[in-house]
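Working notes, beginning with the structure itself.
The values are calculated or read from the model by the stated rules, or taken from the named source; none is laboratory data. Computed from a predicted structure; not experimentally measured. Ideal geometry is used to build each Cβ from the backbone, glycine not excepted, and the neighbour counts take in all protein chains shown.
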Amino acid sequence: MTRIRISATSDLKSFSGRDATEEKSRTWLNKLQSAAKRDGMSPAEMCLLMNDLITGPARQWYLQLSRDIRSSWNDLSSQFQYQYCGKGVSVARKYYHATKRSDETPLEYLHRLTVAGIRAKLRVKDGNAAER
C-alpha cells in the first residue's frame, strides 16, 4: 500500500505584517518553526520557506535585510522577533508608548495599559489629599 504524506508546511498561511499584534506574530513564527521541524527542514530550507510566506509590508522589511541575515535561520528569526514580536523592547517602553487601537474600546485600552503597567512594575504614586 502506498502512503501519501502531506507536508505540514502546506497548511501555513502567509504573513504580511499588516495589523499583526506581537502575539499573532509570535504564533505565526512558532507555527512556521513547528511545521518545518515536522517536515525535517534544514535551517537553510526554513529561510527559503519564510521567503515564500512573507508578503506585503513584511516583504519590504524582509527585502531590506542583508543576504547574510536572510540565509541564516538564527539571524532571520531573531530579526523577525525584533521587528514583529517585541523582542528587545522594554516593558516600560511598551507602557509609555501605548496608544489606543482603532479596534478597541476605551475600557479594553485601559485594561491593556494596566496590564502593561503591572508587567513594567511601575509604581503609582497617589498625591496627597489636597492634590486629589
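Flag not set for TYR82, criterion: modelled with pLDDT of 85 or more, surrounded by 15 or more Cβ atoms within 10 Å (Cβ to Cβ), within 30 Å of SER10 (Cβ to Cβ) and among the aromatic types (Phe, Trp, Tyr).
Does ILE54 satisfy the condition of being of a type in the set (A, V, I, L, M, F, W, C) and under 27 Å from ALA98 (Cα atoms)?
Values: of a type in the set (A, V, I, L, M, F, W, C): yes; under 27 Å from ALA98 (Cα atoms): yes.
For ILE54, the condition - of a type in the set (A, V, I, L, M, F, W, C) and under 27 Å from ALA98 (Cα atoms) - is met.
Can you tell me which residue is nearest to GLY86 (Cα to Cα) among those in segment 33-60 that are in contact with a strand residue (DSSP E or B) (Cβ under 8 Å, 6 or more places away or on another chain) and of a type outside the set (S, T, N, Q)? Checked segment 33-60; the qualifying residue nearest to GLY86 (Cα to Cα) is ALA58.
Check whether at least one residue in segment 30-50 is hydroxyl-bearing (Ser, Thr, Tyr), closer than 30 Å to ALA116 by Cβ and over 14 Å from the mean Cα position of the chain (by Cα), and report yes or no. Checking segment 30-50: at least one residue is hydroxyl-bearing (Ser, Thr, Tyr), closer than 30 Å to ALA116 by Cβ and over 14 Å from the mean Cα position of the chain (by Cα). In segment 89-107 there is at least one residue that is part of a helix (DSSP H, G or I) and among the β-branched types (Val, Ile, Thr).
Go through SER7, SER72 for me and flag whichever is over 30 Å from ALA116 (Cα atoms), of a type in the set (Gly, Ala, Ser), surrounded by 15 or more Cβ atoms within 10 Å (Cβ to Cβ) and not assigned by TED's automatic domain parsing to the domain that holds LYS94. Before the answer, list the steps.
Working: SER7 fails: surrounded by 15 or more Cβ atoms within 10 Å (Cβ to Cβ).
Unique residue meeting the criteria: SER72.
Counting only residues that are under 21 Å from GLY88 (Cα atoms), among the hydroxyl-bearing types (Ser, Thr, Tyr) and either at pLDDT below 90 or surrounded by fewer than 16 Cβ atoms within 10 Å (Cβ to Cβ) (or both), segment 17-37 holds 2 of them.
Filtered by the rule that a residue be in a helix (DSSP H, G or I) and under 15 Å from the mean Cα position of the chain (by Cα), segment 9-29 gives GLU22, GLU23, LYS24, SER25, ARG26, THR27, TRP28, LEU29. Filter segment 20-33 for residues that are under 23 Å from ASP68 (Cβ atoms) and in contact (Cβ under 8 Å) with a residue 40 or more places away in the chain and give the result. The answer is SER25, LEU29, GLN33.
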